């Protein structure tokens, strides 16, 4: 109460009680750092739903060898397109492989692609954005023209064309996603850098004699973290969607590796007789993408209060 | 205004140039023989070394890459997009224009429906922020953009074609052959695409409207006693729609990308299927043509948006 101490002690107890109702609770307001952050995030109900789904997916991915009832690659041609049963809760696919086990293992591909592609593109985009925004001039012009050109292509068409040219496989897919996705981060960071680089605290750092690297990392980058985190969490969902779609088309991960996109494709072939073979992987993709979008929205609300009523 | 348009046009020329360079380079990163950009792999394997060298000379593949680029660019400018590898002898431009006749009506219908549904729901949500309606719309919008369109298409096929037998599962009927058959064949793809579009528009419309409602001129409009209808429609809505112009180009890009998957599911012989086949058969001249076409359309849409923006919002012109 020290902020209000002088005025409050001078008025009567009753008035003080009344006033306190309007004074924000110290315990809620002054909490800084991670505790307040987590607490605020958890007030955003959909973020909790998202966190639970992501936790489940990570659990599936990490413990896939332990929780899968069968080997996801084991072919059993005497038992193809089996109906759901106790031993095969989701039945078997066209080669008699256990569908549930393949879905557990598929979580690995989805999460790995989603996260890795985000890390690669966010790192590249951040670096280029920092350089473009901080130095300006010719470097800035070149980098921004490159992003302009890339943004003329729809991300998905660009990614699958490039992935097709590079050849199938998860590594090439991640590369193809990143080669387009860095542009978004680059623009966000560049915009942030330009908006903060003439602020007093950056000028002060310069006057003290801080080197460019130090100013960029400690003064400029740290103040640009919020939009970066929001964009990353949203883009993990987007990348998972791209991987699933590319694998669905046969460009991404190659069979027999279990991926939700591949499961969906092979399940689509037997929609009439075994609809759950395509419903289950599709539901998994939807839920995981939804979860990352929920978290992204929650993060935006918490990290950037100005955006609370937007989007 | 004229000066603004000319200035904007000049900004687009280097970008267009960059797009052609990138599309050209895409073919060059293909691992393996440079001839794989012209012949299929089995054809290349059947040739002797002398024949390969002769063909490389014929197609100018032995020239420096810069010369090759300008040769290629010259052909593009003259309207020669090359010939397809997979559909032997067919010109790329013919394939694209045939595909467009299928894709464009479907995409336009989907954008139309998606815009109307999305914008109206978004605006209703913005008028009653933090209510159940608002919460429902926001959640629905996140849901709509999180569902993979192709899976949604499969779910619709299962419900409306397999279970209820209301509509055909897949396939294409020309409008000139049977308008009703055409409508039946596009109804599911259009709804599937429109849902994704509406999700995006809901979010943007809501945020744009909320932004506008906090402006001073809205408070003034209320203060001078205008009827709520007038304040919301004439003062708020008209200004809230301006930022939505920018995502119109975006939604076009989304549609063309979405078509790749949707047309695959519903077996529509449009641009999306063409892209798919081109990727699968490594038909790089077709793929180049498609990429060039799509990016030019997006560039043109951006230009139209920029100019349209300057027309409706004079402040932009003087920046």
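The conditions are (1) surrounded by fewer than 16 Cβ atoms within 10 Å (Cβ to Cβ); (2) in a helix (DSSP H, G or I); (3) without any contact (Cβ under 8 Å) to a residue 60 or more places away in the chain, and residue B:166 fails exactly one of them. Which is it?
(2)
Can you name every one of the helices (runs of 4 or more DSSP H) wholly within segment B:220-319 that holds 1 or more residues which are at pLDDT below 85 and within 14 Å of chain A (Cβ to nearest Cβ)?
B:238-266, B:271-280, B:284-312
Inspect all residues belonging to segment A:168-179 and state whether any of them is surrounded by 21 or more Cβ atoms within 10 Å (Cβ to Cβ) and not in a helix (DSSP H, G or I).
Checking segment A:168-179: not a single residue is surrounded by 21 or more Cβ atoms within 10 Å (Cβ to Cβ) and not in a helix (DSSP H, G or I).
For residue B:202, which of the numbered conditions (1) within 11 Å of chain A (Cβ to nearest Cβ); (2) at pLDDT below 90 fails to hold?
(2)
Restricting to segment A:247-265, and then to whatever is within 10 Å of another protein chain (Cβ to nearest Cβ) and in contact with a helix residue (DSSP H, G or I) (Cβ under 6 Å, 6 or more places away or on another chain), can you tell me which residue is nearest to residue A:157 (Cα to Cα)?
Once the filter is applied, the top-ranked residue is A:251.
Would you point out which residue out of B:85, B:113 is part of a helix (DSSP H, G or I) and in contact with a helix residue (DSSP H, G or I) (Cβ under 9 Å, 6 or more places away or on another chain)?
B:113
I'd like the full set of residues that are facing chain B (nearest Cβ under 10 Å) and crowded, with 23+ Cβ neighbours inside 10 Å, limited to segment A:266-282.
If the condition is that a residue be facing chain B (nearest Cβ under 10 Å) and crowded, with 23+ Cβ neighbours inside 10 Å, then A:267, A:278, A:281, A:282 are the ones that fit.
Could we say that residue A:85 is surrounded by fewer than 21 Cβ atoms within 10 Å (Cβ to Cβ), more than 22 Å from the chain's Cα centre (by Cα), at pLDDT below 90 and farther than 30 Å from residue B:272 by Cβ here?
Yes: the conditions hold for residue A:85.
From the list B:193, B:188, pick out the single residue that is in a helix (DSSP H, G or I) and within 23 Å of residue B:247 (Cβ to Cβ).
Unique residue meeting the criteria: B:193.
Among (1) buried (at least 24 other Cβ atoms within 10 Å of the Cβ); (2) at pLDDT below 85; (3) more than 14 Å from every other protein chain (Cβ to nearest Cβ), there is one condition residue A:100 misses while meeting the rest; what is its number?
(1)
Return the residue satisfying two criteria in turn: it lies in segment A:137-160 and is away from chain B (no Cβ under 14 Å) and without any contact (Cβ under 8 Å) to a residue 12 or more places away in the chain, and of such residues it is farthest from the chain's Cα centre (by Cα).
Within segment A:137-160, the match that is farthest from the chain's Cα centre (by Cα) is A:137.
The values are calculated or read from the model by the stated rules, or taken from the named source; none is laboratory data. Keep in mind it's a predicted model, so treat the numbers as computed, not measured. Glycine gets a Cβ as well: all are built from the backbone with ideal geometry, and neighbour counts include every protein chain shown.
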